[in-house]
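Colleague: Please read through the structure below; I'll follow up with questions.
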Amino acid sequence: MIEAKRIVKRFGDKTAVDDVSFTVGEGEILGFLGPNGAGKSTTLNILTGYLSASSGQALIEGIDVLEHPNEAKKRIGFLPEYAPLYLDMTVREYLNFVFELKGATLARKPHLSEVCGLAGLSDVENRVIRNLSKGYRQRVGIAGALIGNPKILIFDEPTIGLDPRQIVEIRNLIRNLGRDHTVLLSTHILSEVQAVCDRILVLNRGKVVADKPTGEFVRMASAPERLSLRIEGDSERVLRFLRAFEGVRKAVCGAQTEENCFDYTVDVKAGQDIRKDLFFALANAGFAVLAMEALGMSVEDIFIKLVRDGKGAQA
Amino acid sequence: MGAIYKRELKAYFISPVGYVFMGVFLVLSGVAFAASTLYASTSSTSAYFTYLLFSFIVLIPLLTMRLLSEERKLRTDQLLLTSPVSLHAVVLAKFFAAFTLFVLTLGLSCLNFLTVLPYGALNGALIFSQLCGIVLIGGAFCAIGLFLSAITENQLVSAVLSIGTIFALLGVGLITPNVQNNTLRAVLKWISIFDRYYTFGYGLFDFVSVFYYLSIAVIFLFLTVRVMEKRRWA
């Protein structure tokens, strides 16, 4: 279990983390979401004992990180924002070093092999880290965090720099680990937390703006405010039709993609989901919808919405 | 602590630094030895050890410049500091890795003495005393170099600072006799690494000097820990 109690971190007169409190329960995967500079990494660094908080308390399984650092750190596997790798070592040497550094007591050989297998490193074990691609280096970092089988895993942007296939692999890995570990991961990619996390905590400018189960979050984001459509038919007529449609705020015609077929971007009035109605209406009017995509809300959109909603609630 | 010590020693020989250090150390000591004993037709080793001391100005920074600056630059300090290892252990492991390589190389350089044996006897006890002094001074310099590698993430800056500091600590001994002001001279003599070494040079095992060199090492190791601790609170 991870507990952050009213953590504040000031760098000079800049407050990077401002009174952040939260709890990650046993076996839970909590996603830390926020734009760059929101204080995500700083918070994680405080929880892992790399930085000290200006005030507040960080507890790992009930152990104060500041008072009993070694006891607390033993229970954490941490992957920082930049994987802390010794580039001149081979993967195997590095993992061996981490094993000794953490004072792990498991049987070494099978454990290292298991970790390599989990992180997908088995075929590069004997290569020098300097020669590995960014994606593989990231995996070595993840493997390092898994060594010693700590109960608590803290990942700072674990999928950064990975290719799409690797991202899916790492997400699956994290989800599997979440079954018997407590996981805290940070990211600025909304779909990532959606895919992996049970609960989402949004940080902005060092403050917690939202702390909700993933389901609620998805509902917030799923009523799309912008649609991308590909429709066959005369662009003038389609555009006139779209603009007249109930719930459409704005419609713009984009590029022609095929003969007599154009892309359109449609802004929808807030809170309405017109996708189905629009589809049937277009079909009835004789316009074939070749593609429709809800342009998901970006993190920035979510923030704007959260901040807007927050103000609304206060007023 | 053992893990960091082992990794650090190994790292000297993965990069060329360890080889360069040993090579240059042995060449310099060989040349110094030949010039100070064989060519000077004497079996007295005091001049040799003095030369050796001055070679530390460049040699010790070579050993220590990377130790902590590189960790910070590559952000591997994040691994060390979030592992269940105390800061003291990290600093001590780094120190002893550098010190070990230094003592090993110094040991190898003792082969120089064999070249004099066909021509006359060496004073073993005197050499032992001088070696003890050199080892202690080397330890103190390693600690200073380690400290200076903790305050920057640039190896070059760390090396230049170490060279300057060691040069100053040794060089002060050369000017103290010419300082007229008594107080100033006393202060300079107190700082001077070299002035304390004389006793070893005479074959005296002076505990005050031993304590002096050990304290320098301990103080700078302590300061290194403080610097790293402070960074955490910054």
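The values are calculated or read from the model by the stated rules, or taken from the named source; none is laboratory data. Just so you know, these numbers come straight off a predicted model, no measurement behind them. Please note: Cβ atoms are built from the backbone with ideal geometry, for glycine as well, and neighbour counts cover all protein chains shown. Just the protein is used for accessible areas: all its heavy atoms, side chains included, with ligands, DNA and RNA removed. Shrake-Rupley method; radii C 1.70, N 1.55, O 1.52, S 1.80 Å.
Colleague: Using only protein heavy atoms and a 1.4 Å probe, report how much of A:His68 is accessible, in Å² to the nearest 10.
Modeller: 100
Colleague: Across region B:73-87, in residue order, what do the Karplus-derived ³J(HN,Hα) couplings come to in whole Hz, using 6.51 cos²θ - 1.76 cosθ + 1.60 with θ = phi - 60° and x for Gly and Pro?
Modeller: With the stated coefficients, region B:73-87 comes to 5, 8, 6, 6, 4, 5, 5, 4, 7, 9, 9, x, 9, 6, 4 Hz.
Colleague: Explain nothing, just the number: relative contact order of region B:84-212, from Cα pairs under 8 Å at least 6 residues apart, as a whole percent.
Modeller: Answer for region B:84-212 is 26 percent.
Colleague: On a 0 to 90 degree scale, rounded to 10, what angle separates helix B:46-64 from the longest Cα axis of chain B?
Modeller: 10
Colleague: Normalised by the number of residues in region B:2-233, what is the relative contact order in percent for Cα pairs under 8 Å and 6+ residues apart? Numbers along the way, then the final one.
Modeller: On the way: 250 pairs, mean separation 62.5, N = 232.
Averaging sequence separation for qualifying contacts and normalising by length gives 27 percent for region B:2-233.
Colleague: Let me ask something else. How far, in nm, would the chain grow between A:Asn260 and A:Phe280 when pulled straight, counting 0.36 nm per residue and subtracting the alpha carbon separation? Provide the component values of the computation, followed by the final result.
Modeller: On the way: separation 20, 0.36 × 20 = 7.20 nm, distance 2.00 nm.
Full-extension gain reported as 5.2 nm.
Colleague: Which net charge results when you count Lys and Arg as +1 and Asp and Glu as -1 among the other residues whose beta-carbon is under 12 Å from that of A:Pro80?
Modeller: Once all neighbours under 12 Å are counted, the net charge is -2.
Colleague: Counting only protein heavy atoms and using a 1.4 Å probe, what share of the accessible area of the protein assembly as shown belongs to carbon plus sulfur, as a whole percent?
Modeller: 59
Colleague: Among residues other than A:Thr23 whose Cβ falls under 13 Å from its Cβ, what is the net charge (Lys/Arg +1, Asp/Glu -1)? Each step should come with its number before you reach the end.
Modeller: Values: positive: A:Lys5, A:Arg6, A:Arg199; negative: A:Glu3, A:Glu26, A:Glu28, A:Glu61, A:Asp198, A:Asp211.
Surrounding charge for A:Thr23 is -3.
Colleague: Taking the Cα centre as origin and putting +1 on Lys and Arg beta-carbons and -1 on Asp and Glu beta-carbons, what dipole magnitude results for region B:3-100, to the nearest 20 debye? All intermediate terms of the calculation are to be shown ahead of the outcome.
Modeller: Values: 8 positive and 4 negative charges, 53 e Å.
In debye, rounded to 20, region B:3-100 gives about 260.
Colleague: A follow-up question, please. Roughly how many Å is it from the Cα centre of region B:114-178 to that of region A:242-272, as a whole number?
Modeller: After rounding, the separation between the Cα centres reads 78 Å.
Colleague: With all protein chains present and a 1.4 Å probe, how do B:Asp195, A:Asp13, A:Asp123, A:Asp198 order by accessible area, largest first?
Modeller: Greatest to least solvent exposure: A:Asp13, A:Asp123, A:Asp198, B:Asp195.
Colleague: Largest first, how would A:Glu157, B:Glu229 line up by accessible area (1.4 Å probe)?
Modeller: B:Glu229, A:Glu157
Colleague: May I ask what percent, to the nearest 5, of DSSP beta bridges between residues of the protein assembly as shown are antiparallel?
Modeller: The answer is about 70 percent antiparallel.
Colleague: Quantify how strongly other chains surround peptide B:1-12 by giving the mean number of their Cβ atoms within 10 Å of each of its Cβ atoms.
Modeller: Details: counts 3, 3, 8, 3, 0, 3, 8, 0, 0, 5, 3, 0.
The mean count of partner-chain Cβ atoms within 10 Å per residue comes to 3.
Colleague: In nm, give the distance between the simple-model label positions of B:Ser15 and B:Leu117, each being 7 Å from the Cα along the Cα-to-Cβ direction.
Modeller: Placing both labels 7 Å beyond Cα along the Cβ direction yields 3.8 nm.
Colleague: Enumerate the whole-percent occupancy of each 5 Å bin, from 0 to the last occupied one, for all C-alpha pair distances of region B:38-176.
Modeller: 2, 9, 17, 18, 15, 13, 10, 7, 4, 3, 1, 0
Colleague: Once both axes come from the Cα atoms, what is the angle between helix B:124-150 and the longest principal axis of chain B, in degrees from 0 to 90, rounded to 10?
Modeller: Tilt relative to chain B: about 30 degrees.
Colleague: Per-residue mean of other chain beta-carbon atoms within 10 angstrom of the beta-carbon, peptide A:79-86?
Modeller: Per-residue shielding by partner chains comes out at 5.
Colleague: Under 29 Å between C-alpha atoms is the cut-off here; go through chain B and count lysine pairs that meet it, provided they're at least eight residues apart or on different chains.
Modeller: Close lysine pairs found across chain B: 9.
Colleague: Per DSSP H run of n ≥ 4, the term is -39500 (n - 2.57); total these for chain A, divide by its residue number, and report the mean residue ellipticity at 222 nm rounded to 500 deg cm²/dmol.
Modeller: -11000 deg cm²/dmol
Colleague: Can you give the accessible area of A:Ile76, probe radius 1.4 Å, in Å² rounded to 10?
Modeller: 10
Colleague: Quote to one decimal, in nm, the extra length available between A:Arg205 and A:Arg165 on full extension: 0.36 nm per residue of separation minus the C-alpha distance between them. Show your work: numbers first, answer last.
Modeller: On the way: separation 40, 0.36 × 40 = 14.40 nm, distance 3.21 nm.
Using 0.36 nm per residue and subtracting the Cα-Cα distance, I get 11.2 nm.
Colleague: Continuing with this model, one more query. Using the Karplus equation 6.51 cos²θ - 1.76 cosθ + 1.60 (θ = phi - 60°), what ³J(HN,Hα) coupling, rounded to whole Hz, does each residue of region B:29-38 give in order, writing x for Gly and Pro?
Modeller: 5, x, 4, 4, 5, 4, 5, 8, 10, 5
Colleague: Which value in nm describes the separation of the simple spin-label points at B:Trp190 and A:Asn172, placed 7 Å from the Cα toward the beta carbon?
Modeller: Going by the 7 Å Cα→Cβ label model, 7.0 nm.
Colleague: Normalised by the residues of chain A, what does the relative contact order come to in percent, with Cα pairs under 8 Å and at least six apart?
Modeller: Relative contact order, chain A: 19 percent.
Colleague: Does anyone have the angle between helix A:235-244 and the longest principal axis of chain A? Alpha-carbon axes, 0 to 90°, nearest 10?
Modeller: 80
Colleague: Related question: Roughly how compact is region B:2-233, stated as its Cα Rg over 2.2 N^0.38 Å to two decimals?
Modeller: Dividing the Cα Rg of region B:2-233 by 2.2 N^0.38 Å gives 1.06.
Colleague: I've got another one for you. What is the Cα radius of gyration of region A:27-95 over 2.2 N^0.38 Å, N being its residue count?
Modeller: 1.28
Colleague: Hey, what number do you get for chain B at 222 nm if only DSSP H runs of n ≥ 4 count, each worth -39500 (n - 2.57), divided across all residues, to the nearest 500?
Modeller: When only DSSP H runs of four or more count, the value is -25000 deg cm²/dmol.
Colleague: Report the charge-dipole magnitude of chain A in Debye, nearest 20, computed about the Cα centre from +1 at each Lys and Arg Cβ and -1 at each Asp and Glu Cβ.
Modeller: 440
Colleague: Then there's this: Given Cβ point charges of +1 (Lys, Arg) and -1 (Asp, Glu) and nothing else, what value in debye, to the nearest 20, does the dipole of the protein assembly as shown about its Cα centre take?
Modeller: Rounded to the nearest 20 debye, it is 880 debye.
Colleague: How would B:Trp190, B:Trp233 line up by accessible area, probe 1.4 Å, largest first?
Modeller: Of B:Trp190, B:Trp233, the descending order of accessible area is B:Trp190, B:Trp233.
Colleague: Same structure, new question: I'd like the interface area for chains B and A: accessible area of each alone minus the complex, both sides summed, 1.4 Å probe, protein heavy atoms only. What is it in Å² to the nearest 100?
Modeller: In total, this chain pair buries about 2600 Å².
Colleague: Something else: Relative to the present Cα-Cα distance, how much length would full extension add between A:Arg6 and A:Arg130 at 0.36 nm per residue of separation?
Modeller: Gain on extension, A:Arg6 to A:Arg130, equals 40.6 nm.
Colleague: Using only protein heavy atoms and a 1.4 Å probe, report how much of A:Arg240 is accessible, in Å² to the nearest 10.
Modeller: For A:Arg240, solvent-accessible area is about 150 Å².
Colleague: Same structure again: What share of all Cα pairs of the protein assembly as shown, in percent, falls into each consecutive 20 Å distance bin?
Modeller: Histogramming the protein assembly as shown at 20 Å steps yields 18, 37, 26, 13, 5, 1 percent.
Colleague: How far is it, in nm, from the label point at B:Tyr198 to the one at B:Ser43 when both lie 7 Å from their Cα along the line to the Cβ?
Modeller: For B:Tyr198 paired with B:Ser43, the spin-label model returns 2.7 nm.
Colleague: Taking amide H positions as placed in the peptide plane 1.01 Å from N, state which residues far from A:Gly77 in sequence (5 or more) or on other chains have amide H under 5 Å from it.
Modeller: A:Ile152, A:Leu153, A:Ile154
Colleague: Check each of the chymotrypsin sites (Phe, Trp or Tyr not before Pro) in region B:1-43 and keep only those in coil by DSSP with at most 14 other C-beta atoms within 10 angstrom; list them in order.
Modeller: B:Tyr39
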